[in-house]
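Undergrad: Have a look at this one before I ask anything.
The values are calculated or read from the model by the stated rules, or taken from the named source; none is laboratory data. All values reported here derive from a predicted model rather than from experimental measurement. So basically every Cβ, Gly included, is an ideal-geometry build from the backbone, and we count neighbours across all protein chains shown. Just so you know, the surface numbers come from the protein's heavy atoms only, side chains and all, with ligands and any DNA or RNA stripped out. Shrake-Rupley method; radii C 1.70, N 1.55, O 1.52, S 1.80 Å.
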Amino acid sequence: MSEVLNDKQIRQKITRMAFEIYERNLHTKGVVFAGVTGMGLILSELLAKELSHISELQVEQLEVQLDKSDVANSKISLSQNLDLAGKSLILVDDVLNTGRTVAYAMKPFLQEEISKMELAVLVNRAHGLFPLRPDYTGFELSTTLNEHIRVDLSSSSYSVHLH
């Protein structure tokens, strides 16, 4: 197991990503962060907090609840109903691997009248089986399919490790 990103690097990447989100969404009605269950939700909370700190944009959050281990058969639901009309939706997950989880996580938003949907990930592994590319990426990392990325944002010291 080797460390890919340490606490300081992750915090810097979150700040940079929040500034990028702000720059691309200056003139929107508001930004809604939709965090995928697990570390995606925590990352979305950190991004929302940072964006609120650096801007006056209206920021809202919700969780996209699904079973990552069997996403194709999982019930996909949202933690709350928000008025998404005219707002920018930022779908957030910790790692983009094949894109399968993110593709399914988009489903609840496809019939909403959002102004746009963007994707933010902390680590992009670029093993795309689905035609998805993140709009906001903390770190690009080429890995083999046998390697695993472990993101830990749950403790006071954040880390990303390669197994």
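Undergrad: Can you show me the helix-derived [θ] at 222 nm for the chain, built from DSSP H runs with n ≥ 4 at -39,500 (n - 2.57) apiece and divided by the number of residues, rounded to the nearest 500.
TA: That calculation yields -8000 deg cm²/dmol at 222 nm.
Undergrad: Looking only at the chain, where both bridge partners belong to it, what percent of the DSSP beta bridges are antiparallel (to the nearest 5)?
TA: Rounded to the nearest five, the antiparallel share is 30 percent.
Undergrad: Report, for region 67-163, the % of DSSP beta bridges that are antiparallel, rounded to 5.
TA: Taking every DSSP beta bridge within region 67-163, about 25 percent pair in antiparallel fashion.
Undergrad: Still on this structure, I have one more. Apply the Karplus parameterisation 6.51 cos²θ - 1.76 cosθ + 1.60, with θ equal to phi minus 60°, to every residue of region 3-10 and state each ³J(HN,Hα) to the nearest whole Hz, in sequence, with x for glycine and proline.
TA: 6, 9, 9, 9, 4, 4, 5, 5
Undergrad: So, with a 1.4 angstrom probe, what is the percent of accessible area on the chain that is carbon and sulfur?
TA: 47 percent
Undergrad: For region 50-67, in order, what is each residue's ³J(HN,Hα) by Karplus, 6.51 cos²θ - 1.76 cosθ + 1.60 with θ = phi - 60°, in whole Hz (x at glycine and Pro)?
TA: 5, 5, 5, 5, 9, 9, 9, 4, 6, 10, 10, 9, 8, 10, 8, 9, 7, 9
Undergrad: State the answer as a single residue: which of 84, 72, 28 lies farthest towards the positive end of the charge dipole of the chain, with beta carbon charges of +1 for Lys and Arg and -1 for Asp and Glu, about the Cα centre.
TA: After comparing all options, I get 72.
Undergrad: Starting from the Cα of residue 107, draw a straight line to each of the lysines and keep only those under 23 Å, dropping any in the same chain fewer than 8 residues away.
TA: Residue 107 reaches 29, 68, 75, 87, 116.
Undergrad: Mind checking the full-extension length gain between residue 78 and residue 155? Use 0.36 nm per residue of separation minus the Cα-Cα distance, one decimal, nm.
TA: 25.2 nm
Undergrad: With a ≥ b ≥ c taken as the square roots of the eigenvalues of the C-alpha gyration tensor of region 5-96, please select rounded if a/c is under 1.5 and otherwise prolate if a/b is larger than b/c or oblate if it is not?
TA: oblate
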